[in-house]
Amino acid sequence: VLKLFKLLHRTRQEVFKNDTRALEAARQKINEEFRNNKDETSEEKINELLKIASDVEVILRTSVIQAVHTDSDKIVLITRKDLLQDNTPYLDKPTKK
């Protein structure tokens, strides 16, 4: 549980780097969720909560993109290594092997 808690906070720091409002909001939400479930004793429920937390970490790491307004009509996207994925070309007619 502690390992996942720390991982979520590390991911939060990487994903929301230089965005103090988002960093603080994510910190509060992570802490609140873990605090609300700290007295849980059911192994099944704990495993379910750990799975949810793990899924949230993956979604944060692979799906959240930061954007910065540079001019009134321009936005710069800040990419991370985890966001960049290999692109598989789309084929209208699959080839037979």
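The values are calculated or read from the model by the stated rules, or taken from the named source; none is laboratory data. Values in this document were obtained by computation on a predicted structure and should not be read as measured data. No Cβ is skipped: glycine too gets one built from the backbone with ideal geometry, and neighbour counts run over all protein chains shown. Heads up: the accessible areas ignore ligands, DNA and RNA and are worked out on the full protein's heavy atoms, side chains in. Shrake-Rupley method; radii C 1.70, N 1.55, O 1.52, S 1.80 Å.
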Could you give the semi-axes, largest first, of the ellipsoid that matches region 1-58, computed as the square roots of 5 times the alpha carbon gyration tensor eigenvalues and rounded to whole Å?
23, 12, 8
Taking Cα atoms only, helix 2-15 is inclined relative to the longest principal axis of the chain by an angle, in degrees rounded to 10, of 40 degrees
Percent accessible area from carbon and sulfur atoms, the chain, protein chains only, probe 1.4 Å
53 percent
What's the angle, to the nearest 10 degrees (0 to 90), between helix 20-36's Cα axis and the longest principal axis of the chain?
40 degrees
Can you find, among His69, Ala26, Thr41, the residue sitting farthest towards the positive end of the charge dipole of region 1-83, where Lys and Arg contribute +1 and Asp and Glu -1 at Cβ?
His69
Crossing angle, helix 43-63 versus the chain [Cα axis fit, 0-90 degrees, rounded to tens]
30 degrees
Packing-based order for 17-25, 39-47, using average beta carbon neighbours within 10 Å, highest first
17-25, 39-47
Just how large is the dipole of region 1-83 about the Cα centre, in debye to the nearest 20, putting +1 at every Lys and Arg Cβ and -1 at every Asp and Glu Cβ?
360 debye
Where only protein heavy atoms count, and the probe is 1.4 Å, what is the accessible area per residue for the chain in Å²?
86 Å²
Would you indicate which of [x] 41, 29, 28; [y] 125, 17, 13; [z] 52, 49, 18 is the value of Cα extents along the principal axes in Å derived from the coordinates of this structure?
[z]
